[in-house]
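What follows is one structure encoded as structure tokens, with my remarks underneath.
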Amino acid sequence: MTHAMPPSSATTTPASVRQWRLSTRLVRGVIGVVIGCLAIVVLLTGAFTKFEITERLDDSLQEVAERLQFAVLVLNQQGSGHDVAHLSNIMPTSLAYQITDAQGHVLLRSSNAPESGFVTPPQAGFFMQHRFRVYVTPAAQPDRFIMVGEPRVHRAQATHHAILIAVLPILGAIPCIWLLVVWIVRRSLRPLVRLQGEIRERGGGNLNPVPQLDLPVELSTIQAAVNLLLERLHKALAAERAFAGNAAHELRNPIAALLAQAQMLRGQLARQASTATLPLPANTMAKIASATLPADTLSPAGTGTGTGTGTGTGTGTGTGVMPQTALSASGKAEQTAVEDATYRLDAMISQIQRLSRIVEKLLQLSRAVAGTGFRRDKFDLLPVLHVMADELDRPQNSNNPRLMLETGCCTHLSVRGDMDATGILLRNVLENALRHSPPDSPVRVSLALADSPMGKDIISRTQAQGATGSSLAALRQQPEMADAVILTVENASPALPDATLSKLTDPFVRGGSQAEGSGLGLAIARTIARHMNVPMQLASPIPGQKDGFMVQLIFPQDAA
């Protein structure tokens with residue numbers, strides 16, 4: 001199973017934090033307030049319209065009742081009776097009328113009026129009945145009442161039509177208001193969008209202040225604060241870069257001098273150790289001879305002869321044998337001391353070299369954190385990769401290199417970034433693969449376009465293993481990653497557990513290998529990749545295998 005880390009360039013947000021847009025919130029808020037106000041206006045308009053329609057219709061009932069006064073005169077002339085007036089074009093919504101006496105008996109009515117009186121006993125005023133809205137008024141003739149009824153269906157229809165006519169323009173104005181609100185909000189937020197675009201372009205190698213824009217007072221304060229922050233950041237990064245450069249110069253020279261002195265001393269001891277007998281001073285030889293020979297075997301002549309010309313036979317022989325034995329023992333002791341000193345010097349040289357490597361990595365990490373990968377220059381990735389491979393892989397037998405480069409049919413791959421930072425990135429990744437794999441095992445380095453057959457094969461192999469392939473497939477769907485360059489570095493190693501793999505890009509974290517290392521290589525690579533917006537994937541074991549370690553870098557290609 002492949003274990004992978006998420007891409008470093010992806011910006012993760014907490015699940016509890018919900019992203020929102022200011023323009024959307026303003027539009028929704030304004031539209032909500034406007035619709036709420038319009039709803040109140042519609043309700044008030046409907047109520048007012050209903051009241052006005054009721055007043056107008058009641059006035060019309062009163063006018064009809066006044067016009068029916070002549071019918072009372074005619075009825076008195078013709079005599080009392082239960083007459084029905086038949087009119088043409090009578091409809092269910094037409095007005096109905098009745099003329100009654102004081103007891104409520106109907107004397108005259110329209111054909112659409114009920115046979116019984118609307119109101120019994122008659123009383124002046126307006127009455128609401130089941131089917132009619134009735135107006136009762138006394139006639140000019142005593143003991144006569146005029147009743148005019150309007151069908152409630154007609155009144156309801158008239159009220160509804162009037163309310164609809166009054167409210168419909170308001171409802172129709174809602175889409176227009178929405179469009180106007182959206183236009184006004186977007187137009188008002190244009191300065192904010194311009195400021196957002198300027199701030200978004202800042203970062204990396206662009207730390208220039210935001211130029212003067214036509215901004216309102218509220219945004220001008222933000223612009224001034226951003227420019228102040230950019231100025232401080234520029235100074236801080238400049239100080240970091242200056243410190244990294246000065247520290248590199250000040251630390252490399254003493255370490256190099258110390259290493260040179262130790263190596264020179266090691267060479268001198270090696271030359272002395274190769275000498276069979278070490279010469280000793282004359283006084284040392286005399287002390288050795290006097291301490292070795294007995295007193296009765298020495299004579300003045302012999303002593304003089306042994307020390308001077310050596311003509312005395314007995315004494316000359318004694319002096320020639322015993323001091324030589326003591327000299328041989330002293331030489332062996334001295335040679336042992338030289339070998340011990342040589343061993344200690346070898347250990348010192350090894351530690352100095354290790355200190356030099358750690359200092360170099362720390363300086364690289366400092367430069368990476370300070371932002372050496374911020375620039376966005378266009379360069380060819382292939383020469384950088386070949387230079388790093390030739391520098392790191394220099395085997396004794398040039399016919400058997402460890403780094404196996406596979407570039408397919410690619411002759412050049414233009415990407416955007418910092419060439420020096422990319423070199424540091426590739427150097428650390430390749431060094432990590434060479435150092436933590438068996439000495440004779442090859443390190444496979446492949447470079448392919450995401451849309452090429454080789455790139456599709458890489459994505460399909462990794463996608464079959466889980467998270468890494470899924471993330472690669474997702475990155476491939478992004479417009480800027482459609483023609484990305486996939487760099488894959490694979491080396492032999494035991495499979496790493498999840499806990500180790502997830503922390504492998506932290507400083508001073510090692511994967512359990514016995515090889516020499518500082519635990520900073522992948523941390524430097526991750527930091528530079530994050531600054532250059534280059535997704536970096538780690539997987540162990542290698543997809544499709546049971547062991548191994550894989551690093552994948554996805555460079556957005558610059559097609560311009």
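The values are calculated or read from the model by the stated rules, or taken from the named source; none is laboratory data. Values in this document were obtained by computation on a predicted structure and should not be read as measured data. Neighbour counts run over all protein chains shown; Cβ positions are idealised from the backbone, glycine included. Heavy atoms of the whole protein, side chains included, go into the accessibility calculation; ligands, DNA and RNA do not. Shrake-Rupley method; radii C 1.70, N 1.55, O 1.52, S 1.80 Å.
Some values worked out for this structure:
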| read-out | value |
| --- | --- |
| All positions within the stretch 364-382 that are modelled with pLDDT of 75 or more and either of a type in the set (A, V, I, L, M, F, W, C) or open to solvent by 60 Å² or more (accessible area, probe 1.4 Å) (or both) | Asp377, Lys378, Phe379, Leu381, Leu382 |
| Some residue of the stretch 80-93 being open to solvent by 40 Å² or more (accessible area, probe 1.4 Å) and modelled with pLDDT of 85 or more | no |
| Criterion (out of contact with any strand residue (DSSP E or B) (no Cβ under 7 Å at 6 or more places or on another chain), aliphatic (A, V, I, L, M) and surrounded by 15 or more Cβ atoms within 10 Å (Cβ to Cβ)) met by exactly one of Val153, Val167 | Val167 |
| Pair list, Cβ < 6 Å and 6+ apart or interchain, from the stretch 401-426 residues that are part of a helix (DSSP H, G or I) to residues that are small (Gly, Ala, Ser) | Ala421/Gly373; Leu425/Ala525 |
| Subset of the stretch 106-127 [polar (S, T, N, Q) and open to solvent by less than 30 Å² (accessible area, probe 1.4 Å)] | Ser110 |
| Count of residues meeting criterion [in a helix (DSSP H, G or I), surrounded by 12 or more Cβ atoms within 10 Å (Cβ to Cβ) and under 21 Å from the mean Cα position of the chain (by Cα)] in the stretch 198-228 | 3 |
| In the stretch 128-144, residue least open to solvent (accessible area, probe 1.4 Å) [restricted to those that are farther than 20 Å from Leu73 by Cα and among the basic types (Lys, Arg)] | Arg133 |
| Unmet criterion (only one of (1) open to solvent by 70 Å² or more (accessible area, probe 1.4 Å); (2) touching a strand residue (DSSP E or B) at 6+ places or on another chain (Cβ under 7 Å); (3) at pLDDT below 70) for Thr317 | (2) |
| Any hit, the stretch 18-28, residues being under 29 Å from Val181 (Cα atoms), open to solvent by less than 100 Å² (accessible area, probe 1.4 Å) and of a type in the set (Val, Ile, Thr) | yes |
| From the options Leu168, Leu219, residue that is closer than 30 Å to Gly32 by Cβ, modelled with pLDDT under 90 and touching a helix residue (DSSP H, G or I) at 6+ places or on another chain (Cβ under 9 Å) | Leu219 |
| Boolean, Ile542 is among the β-branched types (Val, Ile, Thr) and buried (at least 23 other Cβ atoms within 10 Å of the Cβ) | no |
| Hey, Leu403 modelled with pLDDT of 80 or more and over 30 Å from the mean Cα position of the chain (by Cα) or not | yes |
